[in-house]
Amino acid sequence: MPEGFRAAIRGRKTLLGVFIKTASHQTVEVVAAAGQDFAIIDAEHAPFDALTLDRMALAGRATGLPLLVRAPDHGASFIGQALDMGLTGIVAPHVDSPEAAHRLLAAMKFDRGQRGFSPSTRAGGHGAPDARAYRDAADRQSTLWCQIEDAAALPHLDAIAAIEDIDCLFLGRADLALSLGVDSQNDPKVIDAVRATAEAGARHSRAVGIYIGSPSEIADLAALGITVFVCGSDQSWLIAEGRRIRREADRAVGD
């Protein structure tokens, strides 16, 4: 796990990544070759079994690509296993209170006394000779991103952002729109929630991230202090490029 990646997040360096929804370690290799700063395996909305995650974690480490996983829920067993595999961190959906964030950290960080420990994992070097050193390094390097995507989270933004071991408040505008009872992520209610989250991040020196459909959104969002951007997914990249080729081919033959 590259310790410098967590430092870059916490230092609010601008980072660009992508969601991976295809259950394939080759996809991790391709994303790394595309020059992304990180990628997130989307185990909330796409099917990933443990063996596939294990192979993808190995590909991330082999290519030097920081590879996080968006967990399907807040289950401690999934979180612990993912980190044991050597994944870089957890993107946790629907974090709507500081209590939920603390439970996630208890599942992730050995020093909170609840995460199951084994040095025989990939993350532990298959038998770390110094168990204490491994636990300390794992706690320093693992990164937690809390998704802000519920109306219920908005009154607690400062309390969540103030938790020191949280590295990023990650905005989900589609779910926010649904939770706020509006039809568009461009609705003023969603825009206000994005701004409020960015302001809470700034007050507590906490990075703020967001999913975007196009790099054209980056400038305006960066002006709010947002520094972590997830632009599309492997599937959306493939569809967009396939459609572009289709259009060019049709023009070439005059259709």
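The values are calculated or read from the model by the stated rules, or taken from the named source; none is laboratory data. Just so it is clear, the model here is predicted, and its values are computed rather than measured. No Cβ is skipped: glycine too gets one built from the backbone with ideal geometry, and neighbour counts run over all protein chains shown. Surface areas here come from the heavy atoms of the whole protein model, side chains and all, with no ligands, DNA or RNA. Shrake-Rupley method; radii C 1.70, N 1.55, O 1.52, S 1.80 Å.
The table that follows gives values for the structure above.
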quantity	calculated
Pairs, first touching a residue at least 60 places away in the same chain (Cβ under 8 Å) and farther than 9 Å from Glu149 by Cα in region 167-183, second open to solvent by 20 Å² or more (accessible area, probe 1.4 Å) and not in a loop (DSSP other than H, G, I, E, B), C-beta under 7 Å, six or more apart	Asp167/Arg6; Asp167/Arg10
Check on Val230, assigned to a strand (DSSP E or B) and either farther than 22 Å from Ala101 by Cα or not acidic (Asp, Glu) (or both)	yes
Residue count for region 54-73, restricted to those that are over 16 Å from Leu15 (Cβ atoms), in a loop (DSSP other than H, G, I, E, B) and out of contact with any strand residue (DSSP E or B) (no Cβ under 8 Å at 6 or more places or on another chain)	2
Residue that is at pLDDT below 95, within 20 Å of the chain's Cα centre (by Cα) and of a type in the set (A, V, I, L, M), where the choices are Ala106, Ala123, Ala161, Ala59	Ala123
Checking Leu51 against (1) touching a residue at least 24 places away in the same chain (Cβ under 8 Å); (2) in a helix (DSSP H, G or I), the condition it does not meet	(1)
Those residues of region 85-103 which are small (Gly, Ala, Ser) and not in a helix (DSSP H, G or I), in sequence order	Gly86, Gly89, Ala92, Ser97
Candidates Ala32, Ala106 - the one that is part of a helix (DSSP H, G or I) and open to solvent by 20 Å² or more (accessible area, probe 1.4 Å)	Ala32
